[in-house]
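Step one of this worksheet: look at the structure below.
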Amino acid sequence: MKSVIVLFAALVCAFQAAAQSPLYDFKVTDYHGDVHSLSIYEGEVLLIVNTATHCGFTPQYKELSSLYDEYHDKGFEVLDFPCNQFGGQTPEDMLYIRKICYHTYKTEFFQHQKTEVIGPDADPLFVWLCEQKGFEGFGEGPRAESMDKMLVAQDPDYASKPDIKWNFTKFLVSRDGTVLARFEPTVDMAVVRKAVEDAQIGRAH
């Protein structure tokens, strides 16, 4: 009987290990230069964002900060990855980026080293995120049309590719490491807020 219980426990552990999201295997570098595993966020709702300090969408930092302040104590994290690949709009070093974000937008959520999110040197985390949720368009409205026009001029086939298109692309991740949604920078932050609220209580997306 004891051997049966041991075998059952081993099978349960094996199942749990197999079921664990690949998200928690990725390692990232924080703004201090320290490397850590995303497994430290297991069980929390995450919003993973590539950001910029001089972009038309940079004011979204204020709304991201508001979300963090409201839900952090309930197990919510914003993971900020500054990136200089879109229009060269994050030229500063990390010390200056931190200063801008804190003093201008009162951000207190976790910030990482500047990160490449597209191209041959793209961080594996962002490659995986785009595999989970590819690009589905910028939606409607003047800003969406402007983004589409700009990117079509650079690459007529851009919309058929899953990679990140611009600053402030956001990936919402559930407590079990499932990528629930991707939000292009043109998506109203009210929509993002509603999705975060739903993820807090486990509603499907």
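Counting pairs of alpha carbon atoms under 8 Å apart in space and at least six apart in sequence, what relative contact order in percent does the chain give?
It comes to 25 percent, rounded to a whole number.
How much solvent-accessible surface does residue 198 expose, in Å² to the nearest 10, with a 1.4 Å probe and all protein chains in place?
The accessible area comes out at roughly 20 Å².
List the GluC sites (Glu not before Pro) within the range 113-161 that DSSP assigns to loop and that have no more than 12 neighbouring Cβ atoms inside 10 Å.
136, 140
With a 1.4 Å probe and every protein chain left in place, work out the accessible area per residue of the range 21-115 in Å², rounded to a whole number. Walk me through the intermediate numbers first.
Values: 4260 Å² over 95 residues.
With the other protein chains kept in place, the range 21-115 gives 45 Å² per residue.
Where Lys and Arg each count +1 and Asp and Glu each count -1, what net charge lies around residue 94 among other residues with Cβ under 14 Å from its Cβ?
-2
For the cross-link pairs 27/106; 149/170; 114/170; 74/165; 74/194; 170/194, which exceed 23 Å when the distance is taken from alpha carbon to alpha carbon?
Too far apart for the 23 Å limit: 27/106; 74/165.
Hey, got a sec? Which trypsin sites (Lys or Arg not before Pro) in the range 100-186 land in a DSSP loop and have at most 15 other Cβ atoms within 10 Å?
When the trypsin sites (Lys or Arg not before Pro) of the range 100-186 are filtered for loop state and at most 15 Cβ neighbours within 10 Å, 106 remain.
Probe 1.4 Å, all protein chains in place: accessible area of residue 196 in Å², nearest 10?
My reading of the accessible area for residue 196 is about 0 Å².
Using only the heavy atoms of the protein chains and a 1.4 Å probe, how would 34, 155 rank by accessible area, largest first? Before the final figure, lay out the partial values.
Working: 34 90, 155 40 Å².
Sorted by accessible area, descending: 34, 155.
Just to be sure I understand: with springs between alpha-carbon atoms less than 10 Å apart, which residue in 85, 20, 60 has the highest mean-square fluctuation in the Gaussian network model of the chain?
Most flexible of the set in this elastic network: 20.
Report which label in (i) 1, 6, 11, 11, 9, 7, 6, 5, 5, 5, 5, 5, 6, 6, 5, 4, 2, 1, 0; (ii) 1, 7, 14, 19, 19, 16, 10, 5, 3, 2, 2, 1, 1, 0; (iii) 1, 6, 12, 13, 12, 10, 10, 9, 7, 6, 5, 4, 3, 2, 1, 0, 0 holds the value of P(r) over Cα pairs in 5 Å bins from 0, in percent derived from the coordinates of this structure.
Entry (ii).
How much of the accessible area of the chain, probe 1.4 Å, is carbon plus sulfur, in whole percent?
Answer for the chain is 55 percent, counting heavy atoms of protein chains only.
Hey, what's the Cα Rg ratio for the range 128-183 versus the globular rule of thumb, 2.2 N^0.38 Å?
My calculation over the Cα atoms of the range 128-183 gives 1.22.
Return the sequence-ordered ³J(HN,Hα) values of the range 58-75 in whole Hz as given by the Karplus equation 6.51 cos²θ - 1.76 cosθ + 1.60 applied to θ = phi - 60°, using x for Gly and Pro.
4, x, 4, 3, 4, 6, 5, 5, 5, 4, 4, 4, 6, 10, 4, 5, 9, x
The values are calculated or read from the model by the stated rules, or taken from the named source; none is laboratory data. What you are looking at is a predicted structure, and each value in this text was computed from that prediction instead of being measured. We place every Cβ from the backbone using ideal geometry, glycine too, and count neighbours over all the protein chains shown. Ligands, DNA and RNA are stripped out before the accessible areas are found, and what is left, the full protein with its side chains, is counted by its heavy atoms. Shrake-Rupley method; radii C 1.70, N 1.55, O 1.52, S 1.80 Å.
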